[in-house]
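Contents: one structure, followed by commentary.
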Amino acid sequence: MDEQKRRKHFFSLKLKWALGTALGSLIISLVVIMVLFSSFTQDLLSQERQTLTQSLVTISQKLGKSTSSELTVAKVNQTLKDNVLTPEGNDGGTIYQRPVIQGLSDGHLTVTVYDQSGKELFSTGKENQGFKKVSTQTIKMADGKNHQYLIGREPILSADNYRMIGYLQVENNLDNYYQHYRHLELISVLALILVVIFSGLMGYFLSYFLLRPLNDIQETVEVLRDDPTKDKRVPVTSRTDELGELAWMFNEMIDRTQRYIDQQSQFVGDVSHELRTPVAIIQGHMQLLQRWGKDDPKQLEESINAALAETNRMNTLIGEMLDLTRAGQVEVNFRNATTHVKKLVNQVYDNFRMIHPDFHFSLDDDLDEDLLVPVYRDHLEQILIILCDNAVKYSTERKEIHLSLSRNMQAVEIGVQDFGEGISQENLNRVFDRFYRVDKARSRKKGGNGLGLAIAKRLVEGYHGTVTVESQLGSGSLFRITLPIVEASDK
Ligand code: ADP
């Protein structure tokens, strides 16, 4: 139900991208087309205005030259029909030379000539506006039937004495201009539609290819959501862009999470397995007591001692398991902790000498000055105690334990060597595993749960150090810890 609801509101990123690109292109194209459109139409209009001005000037000059007295119908007709229309400054040339009236009827101009009193003497068509007296040339836009048009008026002055002999009115219906205008409008709209469609499609396909890793991630998440243990991963072709990097990081995260899940379930399995033995022992003794041991003081004593020993063991086990869990979080909780390593190793050495007087301890301390290592003090002590305890526990006849402390450029090395039973090559890699004991029964007798080295390793690695072991069965073992140096310290 929820899924369906989510799907209903799902608006694909590809669609958003396509719409965004289309909208962006539309806005840009609209601005560009509007600028082009207005400059083009302005140009056209000013050309039409120029034609009108030229016509006004040319015709009024011709008419001004034709007479010095009154303008008559005959004179105007003769001037405009018989004369030729030549552009200014090109008198006598052959190009553009046409009878004036033909030149006018070609265009979209309506020429009307009035005498001084406003009586119409000549007209090439039906004018829109009636006569109006003007003293200078005037050109303006006026509202027409279908659209606006241009109207120009000019007084006609006699060329001889500059006397006012009539008025000239030229109207340009701007049909040509509006035809171009509409044409341009149509082209602009078509161009805009094409831009929107193409940019939308481009955006969609581009996003389809670019966002493919996201689809892969989504598919992988869906598979893993149903079954988190599945091996499905996002196919990563390259890590050269953000999505490639994201897919790679996502795979890494899933790997790590699955590792955690595996470890977790294995941990639970291991713990229940470890607890089974002490619980079974306690249960056995209790049943024994219940059946016939209550009145037997010897049996009672034995069972109580056994139960106590097993509860103690469980107590230690629980404490160690807690330590192990906490050891995994040192990076977060003890980030800025430091310890004087020389001082601490010497303390542990002194303590062990005191607790185990039957052992011969030696310390080979090569450090001239104390050094700070980035480890919480109690944790370093815990690591050393685990190693020294094991050295004591697994020593046989030769009760000798050798500690060493040395450094190189970047790290401090602490060694714990014993000459006891040693570890075989096949077990060497496994001794750091949780609950791993070479000889389970013997180790149990010695109070070992198989967690000491796992805790030590987790702690050392949490502080960016390493722990290694060299051993020979029957000859003893050497455990080495290296830890990075923070800085030299005087103490
Ligand atoms: P435990 O509590 O059983 O000692 P550890 O994790 O400390 O658990 O050690 C794991 C196993 O590694 C031990 O059971 C033992 O078999 C082996 N081991 C550890 N230290 C030594 C050593 N110094 N010499 C020989 N064997 C060792």
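Restricting the count to DSSP beta bridges whose residues both fall in the chain, what percent are antiparallel, rounded to a multiple of 5?
On the way: 53 of 59 bridges.
About 90 percent, rounded to the nearest 5.
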The range 355-404: radius of gyration and largest Cα-Cα distance (Dmax), Å: 12.9, 37
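For an R0 of 30 angstrom, estimate the FRET efficiency from the Cβ-Cβ distance between Val279 and Ile385 and round to the nearest 0.05. The partial results should precede the final answer.
On the way: r = 28 Å, r/R0 = 0.93.
The calculated FRET efficiency here is 0.60.
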Residues of the range 142-157 with amide N under 20 Å of a point placed 7 Å along Cα→Cβ from Gln47: 148-152
Accessible surface of Arg182 - all protein chains present, 1.4 Å probe, nearest 10 Å²: 130
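Sorting Tyr394, Tyr204 by accessible area (1.4 Å probe), largest first, what list results?
Largest to smallest exposure gives the sequence Tyr204, Tyr394.
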Scattering profile of the range 106-150 at q = 0.13, 0.14, 0.15, 0.34 Å⁻¹ [log10 I(q)/I(0), Debye over alpha-carbon scatterers]: -0.33, -0.38, -0.44, -1.33
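Sorted from largest to smallest, which semi-axis lengths in Å does the alpha carbon gyration tensor of the chain give for its equivalent ellipsoid, taking the root of 5 times each eigenvalue?
Values: eigenvalues 2540, 161, 59 Å².
Sorted largest first and rounded, they come to 113, 28, 17 Å.
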Inter-part distance where the range 186-257 and the range 372-410 are each reduced to a Cα centre, Å: 53
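Ranked by accessible surface with a 1.4 Å probe, highest first, in what order do Glu331, Glu426 come?
Details: Glu331 100, Glu426 145 Å².
Greatest to least solvent exposure: Glu426, Glu331.
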Heavy-atom accessible area ranking, 1.4 Å probe, most first, across Arg163, Arg326, Arg233, Arg313: Arg326, Arg163, Arg233, Arg313
Label-to-label distance, nm, for residues given as Thr311 and Asn128 (7 Å Cα→Cβ offset): 11.3
In Hz, Karplus ³J(HN,Hα) per residue of the range 470-478 (6.51, -1.76, 1.60; θ = phi - 60°; x = Gly, Pro): 10, 7, 9, 4, x, 10, x, 9, 10
Alpha carbon centroid spacing (whole Å) that separates the range 40-63 from the range 282-359: 111
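Take each of the peptides 188-194, 16-22, 451-457, average the number of other beta-carbon atoms within 10 Å over its residues, and list them starting from the highest. Could you put the intermediate results ahead of the total?
Details: 188-194: 12.9, 16-22: 17.1, 451-457: 23.3.
Ranking the peptides 188-194, 16-22, 451-457 by packing returns 451-457, 16-22, 188-194.
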Peptides 360-373, 408-421 ordered by average Cβ neighbours within 10 Å, highest first: 408-421, 360-373
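The values are calculated or read from the model by the stated rules, or taken from the named source; none is laboratory data. What you see is a predicted model, and the numbers here were worked out from it, not measured in a lab. We place every Cβ from the backbone using ideal geometry, glycine too, and count neighbours over all the protein chains shown. Please note that ligands, DNA and RNA were not included when accessible areas were found on the heavy atoms of the full protein model with its side chains. Shrake-Rupley method; radii C 1.70, N 1.55, O 1.52, S 1.80 Å.
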